[in-house]
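Visitor: Next up is a structure, given as structure tokens.
Quick note: the coordinates plus some simple rules give every number you see, no bench work behind them. Keep in mind that what you see is a predicted model, and the values were worked out from it rather than measured. Cβ coordinates were reconstructed from backbone atoms using ideal geometry, including for glycine residues, and neighbour counts include every protein chain displayed.
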Amino acid sequence: MTWSVTVAIAGALAAALGAALQERAAMRAPVAGISQLRLLRHLARSRRWCAGSLLTVGGVGAHMWALGHAPLIIIQPIGISGLLFAVLLSAFFRKRRPSAQQIFGSLAVTAALAGLLSTVPSHAGAPHLTSTEMVLMPLACAAAMLLCVAVARLVGDAARAWTLAVAGGVAYAMTSALARVIGVGALADPLAVLSPLTVVALVIGLCGALVVQNSYRTGHFALAYATLLISDPFAATLIGVAFFGERVPNDPVNASVAIVAAVVGTIGVVTLARSSRPGSPRPVPAVQAPASPETRTRATSR
């Protein structure tokens, strides 16, 4: 269990660095009339985005390994520490001292993680899905994502940031849940990774990644990333309890500690998000067509 938690924390650090690099590249993508395919092509040509993607893949790989050796509801909340890492590393690289808000948020997140890890049961059986559950889980995930994307088209930038981030968190949680099923099966039979669930997990994960990139493009990276880190473990906990038979604390003492830890962790993440807003580069506007000779003549005459 100790190694699983350690690897999961290392994965959260890599994912946080990767997300910061991806956000800078996404904000520099053209805005007007760009399709999702063109967005992907633009990002793929960015060295910064590719480096961020490699870090993210490494972080996800570490996270998946940890999921194969520990319960979902223990490993998934560790991803919350990614925002803590992002804020503190940002202050270090800019040679600035963390603000009082950042220190408070960091302590709150750390205390919340310690509280959650101390109350969650330390053992869980190998997950098994029925044929119905294998279909129901991805369909429920797709429905939730489509609902969030539909709402995002009707609201402003800030609401769009957290709405798309919720969709991404649901997708990442579902990918992690399927990865736990695949990973546990692969411990007994390595060929289990070739199952149809692997394809489903990859498709959901890629869709979630694309949705997250769009949430970064709203100009509210801290809000989007904080929402992603909250919605991911929350959705994963629901999946673990509903489909895997994993348990949440049910005695009064541990349940109270878990509830307080969840509230403290949410306050810490929101505080860190509000304290880490400085300057992201704005998106690059679409290139305008050159002015006609008549237009230039009129401008000169004025």
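Visitor: Figure the gain on full extension for Leu139 and Thr2 (residue separation times 0.36 nm, minus the Cα-Cα span) and round it to one decimal in nm.
Guide: 45.9 nm
Visitor: How do 145-157, 170-182 rank on mean C-beta neighbours within 10 Å, highest first?
Guide: Descending mean neighbour count gives 170-182, 145-157.
Visitor: Note down the nm distance, to one decimal, between modelled labels 7 Å out along Cα→Cβ at Arg24 and at Val155.
Guide: 2.9
Visitor: Next question, about the same structure. Any chance you could run the full-extension gain for Val253 through Arg41? It's 0.36 nm times the residue separation minus the Cα-Cα distance, nm to one decimal.
Guide: 71.1 nm
Visitor: For a label point 7 Å from the Cα of Ala242 along Cα→C-beta, name the residues of segment 162-193 whose backbone N is under 15 Å from it.
Guide: Taking a point 7 Å out along Cα→Cβ of Ala242, the residues of segment 162-193 whose backbone N falls under 15 Å are 167, 169-178.
Visitor: Here is a follow-up. What nm value, rounded to one decimal, do you get for the distance between Leu146 and Ala100 when each label is placed 7 Å out toward the C-beta?
Guide: 5.0
Visitor: Further question: Provide the FRET efficiency to the nearest 0.05 for the Ala111-Ala51 pair, computing r from the beta carbons and using R0 = 25 Å.
Guide: Efficiency for this residue pair is about 0.15.
Visitor: What percent does the relative contact order of segment 94-231 come to when contacts are Cα pairs within less than 8 Å and at least six residues apart?
Guide: That works out to 28 percent.
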